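One structure below.
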Amino acid sequence: MQSHGRKTEKSLISPYAAFLLFNLFFFMLDTTASYFQIYLSDIGLSKTLIGTVTGTASLAALVFQPFFGAVADASRSKTRILQLLLVITGILYPMLLLNTSLGYIMTVYVIFVVFRRFQPSLNTTMSVEYAEISGKPYGPIRMMGAVGYALMMLLISRIAGGENGVAGTFRMFSIIAAVNTVILFFLPKMEGHNTKASGNRVSPVALIRCRPVVMMILFQVLLSIANGFGNSYFSLYFVQDIGGSNTLYGTMLSVSAFVEIPFLFLADRMISRLGTRKMLAVLGLVTACRWFVCFAARDTLTLFVVRCFNFVSILETVTYSLSLSRLVAPRFKTSVQTLTMTTQNVASILLPSYLGGWLADLMGIRPLYLIAGVMVTAVVIVFCGFLLRFDEDAPAFEG
């Protein structure tokens with residue numbers, strides 16, 4: 001970030017304000033993904049086939065994401081890489097509407113997910129790194145994501161609730177991606193640190209020698225698999241099993257995002273006060289309770305309330321991101337965020353998609369919430385009770 005000072009002078013807005021603005025719009029992209037499974041169900045795919053599509057795409061993403069992370073860490077501008085990825089996915093996503101054959105959807109969606117899955121980890125890396133360098137809190141930056149998601153979800157829910165409205169959400173993705181591409185021009189240039197020119201080039205594979213990082217990622221993987229059984233078919237459970245509408249589903253997501261705002265504003269202080277391990281233990285046990293309530297739910301109001309506790313999942317993500325960034329040297333910041341977010345996202349979709357889709361067709365979606373609750377409880381007790389050990393003052397891992 002040698003050019004950071006010069007870039008600040010040329011910018012129309014301050015770098016911190018630019019990150020706040022970008023995150024406001026960046027998380028709007030996630031609003032359209034909420035209706036993807038509903039679209040697949042509408043065109044006649046079974047839950048097993050839906051799981052096959054999403055699971056295969058996640059498996060492909062797992063293969064490519066470590067490569068993207070290494071490229072970003074060695075790049076002259078992470079910002080330009082993110083712009084390119086946004087353009088590619090903005091073109092690909094509405095192309096899913098051109099053909100309803102399984103082969104076509106599988107091919108386009110796999111390519112889309114490969115390029116899309118890396119974007120959140122790259123944004124997180126850039127945002128966390130800037131917060132650390134500038135001495136400003138990361139929580140408000142991520143909070144803007146909740147604000148943007150909540151506001152856009154209100155619009156997306158209205159679009160999805162109209163005639164042939166779900167298809168309209170695909171086009172909205174392209175519009176939001178274009179807006180994000182433009183905003184990125186106002187962010188400071190974020191350079192990679194793992195470069196030959198700096199004399200710091202070290203293979204990201206060295207991260208496997210850092211036990212706290214490995215244990216944190218393993219914890220995330222297992223917890224994501226457990227949570228995946230609850231999250232993977234939530235939209236279908238709400239709309240088809242419980243009887244909610246597409247509009248009510250979107251409204252619920254919007255309200256839950258608004259609930260996240262005050263917690264994200266206080267996230268940095270909460271983590272500092274409790275410490276990483278206690279914070280993750282509390283959040284994990286609350287998550288388990290959410291899944292048990294979903295298993296017992298019989299009406300949309302109960303699920304609405306449960307969804308409003310989604311701030312727990314967001315706080316978990318913030319805790320992971322800040323902790324991992326502090327554990328490693330700058331040269332590994334993108335690679336470690338990419339590795340952890342990729343494994344977390346892929347794990348949350350891969351096994352629950354293949355196995356969960358088969359189980360959902362076999363015995364319905366409801367039992368998946370009991371499975372999720374039991375698994376989350378077991379993982380949290382084992383890791384937070386025995387395996388996760390952090391020295392908050394230990395020096396960053398240099399490789």
Within the set of pairs 6+ apart or on separate chains, which have a first residue in the range 303-327 that is closer than 21 Å to Gly230 by Cα, a second that is among the acidic types (Asp, Glu) and modelled with pLDDT under 90, and C-beta atoms under 7 Å apart?
Asn310/Glu260; Phe311/Glu260; Ile314/Glu260
Subset of the range 231-241 [crowded, with 24+ Cβ neighbours inside 10 Å and over 13 Å from Tyr35 (Cβ atoms)]
Ser232, Tyr233
Residue, surrounded by the fewest Cβ atoms within 10 Å (Cβ to Cβ), within the range 253-296, restricted to residues that are among the polar types (S, T, N, Q) and touching a residue at least 12 places away in the same chain (Cβ under 8 Å):
Ser254
So, Ala372, is that one buried (at least 23 other Cβ atoms within 10 Å of the Cβ), small (Gly, Ala, Ser), at pLDDT 90 or above and more than 15 Å from the chain's Cα centre (by Cα) or not?
yes
Quick check on Ala360: is it touching a residue at least 24 places away in the same chain (Cβ under 8 Å), more than 21 Å from the chain's Cα centre (by Cα), assigned to a helix (DSSP H, G or I) and buried (at least 22 other Cβ atoms within 10 Å of the Cβ)?
yes
Out of all the residues in the range 206-221, is one or more closer than 23 Å to Leu370 by Cβ, buried (at least 20 other Cβ atoms within 10 Å of the Cβ) and touching a residue at least 60 places away in the same chain (Cβ under 8 Å)?
yes
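Residues are listed down the side, and each one gets a yes or a no for (1) crowded, with 20+ Cβ neighbours inside 10 Å; (2) modelled with pLDDT under 90; (3) within 16 Å of the chain's Cα centre (by Cα); (4) of a type in the set (Gly, Ala, Ser):
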position: Ser58; (1), (2), (3), (4): yes, yes, yes, yes
position: Ile81; (1), (2), (3), (4): yes, no, no, no
position: Val87; (1), (2), (3), (4): no, no, no, no
position: Met95; (1), (2), (3), (4): no, no, no, no
position: Tyr104; (1), (2), (3), (4): no, no, no, no
position: Tyr130; (1), (2), (3), (4): yes, yes, no, no
Among the residues of the range 156-165, what is the count of those that are surrounded by fewer than 24 Cβ atoms within 10 Å (Cβ to Cβ) and in contact (Cβ under 8 Å) with a residue 60 or more places away in the chain?
3
Looking at the structure I just gave you, is Gly228 crowded, with 24+ Cβ neighbours inside 10 Å and closer than 15 Å to Ser313 by Cβ?
yes
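Can you work out which of the residues in the range 297-341 that are assigned to a helix (DSSP H, G or I) and of a type in the set (D, E, K, R) is surrounded by the most Cβ atoms within 10 Å (Cβ to Cβ)?
Filtering first and then ranking leaves Lys333.
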Subset of the range 83-110, residues within 29 Å of Phe185 (Cβ to Cβ), free of Cβ contacts under 8 Å to residues at least 24 places away in the same chain and of a type in the set (Ser, Thr, Tyr), comes to none
Which ones in the range 219-267 are polar (S, T, N, Q) and either over 16 Å from the mean Cα position of the chain (by Cα) or part of a helix (DSSP H, G or I) (or both)?
Gln220, Ser224, Asn227, Asn231, Ser235, Gln240, Ser245, Asn246, Thr247, Thr251, Ser254, Ser256
With respect to Asp299, is the statement that it is in contact with a helix residue (DSSP H, G or I) (Cβ under 7 Å, 6 or more places away or on another chain) and among the acidic types (Asp, Glu) true?
no
Would you mind telling me which numbered condition in (1) assigned to a helix (DSSP H, G or I); (2) modelled with pLDDT of 80 or more; (3) more than 23 Å from Ser157 (Cα to Cα) Leu21 fails?
(3)
Among the candidates Phe332, Phe295, single out the residue that is among the aromatic types (Phe, Trp, Tyr) and either modelled with pLDDT of 85 or more or at positive phi (or both).
Phe295
Regarding Phe68, is this residue of a type outside the set (Val, Ile, Thr), buried (at least 20 other Cβ atoms within 10 Å of the Cβ) and in contact (Cβ under 8 Å) with a residue 60 or more places away in the chain?
yes
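The values are calculated or read from the model by the stated rules, or taken from the named source; none is laboratory data. Values in this document were obtained by computation on a predicted structure and should not be read as measured data. Note that each Cβ is placed from the backbone with ideal geometry, even for glycine, and that neighbours are counted across all protein chains shown.
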